[in-house]
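Since the structure comes first, as structure tokens, the remarks are kept for the end.
The values are calculated or read from the model by the stated rules, or taken from the named source; none is laboratory data. Since we're looking at a predicted model, the values are computed, not measured. Virtual Cβ from ideal backbone geometry, glycine too; neighbours counted across all protein chains shown.
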Amino acid sequence: MIRILNGKTRAQHPAAVDDMFRLRKRVFHDFLKWDVQTEGDWEIDNYDQANPLYVLSYAPDTGRLRGALRLLPTLGPNMLDDTFPILLGDNPEIRSASVWESSRFCIEPEISQDRASNQVTVAAAELMCGVGELGLASGISHIVTVTDVFLERMFRRMGCPGERIAEPHRIGSVFAVAVAWEVTPDLLTRMKAVAAIEGTVLERPMSLETARAA
């Protein structure tokens, strides 16, 4: 199940927000050793002050958070344009009402290291399907993200390869790349088929703007 929170109301959901920022720290700081900002047990940065949407995936059997990502409109502050413009290559900044950015995509490490099951694919696909459902309900054209080449390969296996905006660059300890996905019903159908997901993944129907204004 996918639950959507926005930045303005996160104080009303302290347990969910605490779980998410702790998960981000476990993944990006502790496990991947990325150079990210931390506050105690949280990984949190200035983009979390820009009223993002948080897409949260919960395990149906335990109700535990198993994955998360963050969404921001490219008309405002976003990581690709404002922190990693080198990944745009010779392309101009992406500032469009029809393009949103996904960032801080992460899966619970216990799941991602469980090679004996398909949990990582299901959790990751549920997050991406949630973004797809939101995007289709909102009429946007593309989702862009900054990721590493390892996750780029995982997205291909999930049926959502996307298109590189420019060539990868080494940033810190990883080879990072900017990827764009066209938001289409076919893409959403393909991702759900790969992960054997039936029906909607969202807790309740909504668009990006209604979710951000809630």
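List of remarks:
- Candidate set from region 1-17 (those that are at pLDDT 95 or above, outside any strand (DSSP E or B) and within 17 Å of the chain's Cα centre (by Cα)); member that is nearest to D48 (Cα to Cα): V17
- Test: residue in region 158-165 that is surrounded by fewer than 23 Cβ atoms within 10 Å (Cβ to Cβ) and over 19 Å from M191 (Cα atoms): yes
- Residues of region 35-84 classified as touching a Phe, Trp or Tyr at 6+ places or on another chain (Cβ under 9 Å), assigned to a loop (DSSP other than H, G, I, E, B) and buried (at least 16 other Cβ atoms within 10 Å of the Cβ), total: 6
- Once region 166-214 is narrowed to residues that are surrounded by 14 or more Cβ atoms within 10 Å (Cβ to Cβ), touching a Phe, Trp or Tyr at 6+ places or on another chain (Cβ under 9 Å) and small (G, A, S), the residue that is nearest to P52 (Cα to Cα) is A178.
- Restricted to region 85-106, and to residues there that are of a type in the set (A, V, I, L, M, F, W, C) and in contact with a Ser or Thr (Cβ under 8 Å, 6 or more places away or on another chain), the residue that is surrounded by the most Cβ atoms within 10 Å (Cβ to Cβ) is W100.
- Some residue of region 28-35 being more than 20 Å from T147 (Cα to Cα) and basic (K, R): no
- Test result for G63, more than 21 Å from E163 (Cβ to Cβ) and either of a type in the set (S, T, N, Q) or touching a residue at least 24 places away in the same chain (Cβ under 8 Å) (or both): no
- Sole exception among (1) of a type in the set (G, A, S); (2) without any contact (Cβ under 8 Å) to a residue 40 or more places away in the chain; (3) closer than 23 Å to E133 by Cβ for G40, by number: (3)
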